[in-house]
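**Student:** Right, I'll just put the structure down here and ask away after.
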Amino acid sequence: MSDRLSGKRIFITGAAAGIGYAIADACAQEGASLCLADRDGEGVSQLAETLADKGCHVLAVSCDITDRPSVEAAVSRARDALGPLTTLINNAGMNVFHEPLSMPEEAWQRCLSVDLEGAWHCSRAVLPDLLHHGGGAIVNIASTHAFSIIRGCFPYPVAKHGLIGLTRALGIEYAAQGVRVNAIAPGYIATPAVEAHWQTFADPAAARANIESLLPPGRMGCPREVAMTAVFLASDEAPFINASCLTIDGGRSVLYHD
Ligand SMILES: NC(=O)c1ccc[n+]([C@@H]2O[C@H](COP(=O)([O-])OP(=O)(O)OC[C@H]3O[C@@H](n4cnc5c(N)ncnc54)[C@H](O)[C@@H]3O)[C@@H](O)[C@H]2O)c1
């Protein structure tokens, strides 16, 4: 355990699995106190037990980020247990991939509420603590879908473009009060969500191998590689990085195809 996040009290969404789980683990290793929020209450409780055994001051809460009262109750419990929050990591999200005109009626609302509005619910609940504290950090987990479009993945990129807009707008709005708001745009990261995506193909192993062959390092990223960047942006090592987005895709988004 080291202390890059010592004294930070961090609210992390979607911490029961994948990237959020790795972020929680990395933040605990760096000495932060944590509130792990996920609609999978059992999953975050198990992770909290593991991290508490390693000496982390940690609370798990069952919370659906699409439901504002649920978010406010979770943030209030976090504040009571840990003290005023210093940091928010908006990680919870889900893939909603369709061809636009044949998209089921409810898919648009579901995607926008999980992948965009949820981050706003959490931000508006946590920001008063950051402002009262004299500053703090928000890290939003966006996606390379925030900058480029893959056909058939609608409306996920609409929401992720919006999340970059939220990052920039809040970053500028509260910069003078010491709040930094940044995003991370991961490419393909090996998590349960991506594993589920491969299962939508007739030959999941071939689909995965095909994608990996297109990635400059020849492999997908791992959750810890995103987590270490979240630690950096949440820490005091990034005091002048604001309203920005760091891409973690092994270089895929700048690779030229002829
Ligand atoms: N894995 C990738 O390749 C990849 C790439 C780019 C961006 N992302 C983004 O990273 C984030 C994490 O993705 P992941 O791959 O780890 O996903 P995942 O499905 O493996 O884990 C997501 C977690 O979020 C939780 N969650 C989902 N909806 C929720 C809600 N409404 N309220 C509370 N919790 C909720 C789930 O229960 C789960 O624990 C997402 O925002 C995703 O869009 C992932």
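**Student:** Just wondering, is there one or more residues in the stretch 189-198 that are away from the ligand (no atom under 12 Å from the Cβ), exposed (fewer than 15 other Cβ atoms within 10 Å of the Cβ) and not hydrophobic (A, V, I, L, M, F, W, C)?
**Tutor:** Scanning the stretch 189-198 turns up no residue that is away from the ligand (no atom under 12 Å from the Cβ), exposed (fewer than 15 other Cβ atoms within 10 Å of the Cβ) and not hydrophobic (A, V, I, L, M, F, W, C).
**Student:** Also, I was wondering about something else. Where the second residue is modelled with pLDDT of 95 or more and more than 11 Å from the ligand (Cβ to nearest atom) and the first is farther than 17 Å from Ala196 by Cβ and assigned to a helix (DSSP H, G or I) and lies in the stretch 88-100, which pairs have Cβ atoms under 6 Å and are six or more apart or on separate chains?
**Tutor:** Pro100/Phe154
**Student:** If a residue must be over 20 Å from Phe97 (Cβ atoms) and either out of contact with any helix residue (DSSP H, G or I) (no Cβ under 9 Å at 6 or more places or on another chain) or among the hydrophobic types (A, V, I, L, M, F, W, C) (or both), how many such residues does the stretch 172-204 contain?
**Tutor:** Final tally of qualifying residues: 8.
**Student:** On the basis of being more than 21 Å from Ala119 (Cβ to Cβ), within 16 Å of the ligand (Cβ to nearest atom) and either in contact with a Ser or Thr (Cβ under 6 Å, 6 or more places away or on another chain) or modelled with pLDDT of 95 or more (or both), does Thr66 make the cut?
**Tutor:** no
One line per residue, one yes/no per condition, for (1) surrounded by 22 or more Cβ atoms within 10 Å (Cβ to Cβ); (2) within 16 Å of the ligand (Cβ to nearest atom); (3) under 22 Å from Ala16 (Cα atoms); (4) hydroxyl-bearing (Ser, Thr, Tyr):
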position	(1), (2), (3), (4)
Asn95	no, yes, yes, no
Pro100	no, no, no, no
Glu105	no, no, no, no
Gln109	no, yes, no, no
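**Student:** Just the residues that are in contact with a strand residue (DSSP E or B) (Cβ under 8 Å, 6 or more places away or on another chain) and surrounded by fewer than 22 Cβ atoms within 10 Å (Cβ to Cβ), please, taken from the stretch 124-142.
**Tutor:** Answer for the stretch 124-142, where residues must be in contact with a strand residue (DSSP E or B) (Cβ under 8 Å, 6 or more places away or on another chain) and surrounded by fewer than 22 Cβ atoms within 10 Å (Cβ to Cβ): Leu127, Asp129, Leu131, Gly135.
**Student:** I'm checking my understanding of the structure. Among residues of the stretch 12-31 that are touching a residue at least 60 places away in the same chain (Cβ under 8 Å) and away from the ligand (no atom under 12 Å from the Cβ), which one is surrounded by the most Cβ atoms within 10 Å (Cβ to Cβ)?
**Tutor:** In this case the residue turns out to be Cys27.
**Student:** Another one. Please go through (1) within 15 Å of the chain's Cα centre (by Cα); (2) among the small types (Gly, Ala, Ser); (3) near the ligand (Cβ under 10 Å from one of its atoms) for Ser123 and return the number of the only condition it doesn't satisfy.
**Tutor:** In the conditions (1) within 15 Å of the chain's Cα centre (by Cα); (2) among the small types (Gly, Ala, Ser); (3) near the ligand (Cβ under 10 Å from one of its atoms), Ser123 misses (3) alone.
The values are calculated or read from the model by the stated rules, or taken from the named source; none is laboratory data. Note that the structure is predicted; figures quoted are calculated from it, not measured. Quick reminder, even Gly has a Cβ in these numbers, built from the backbone with ideal geometry, and neighbours come from all protein chains shown.
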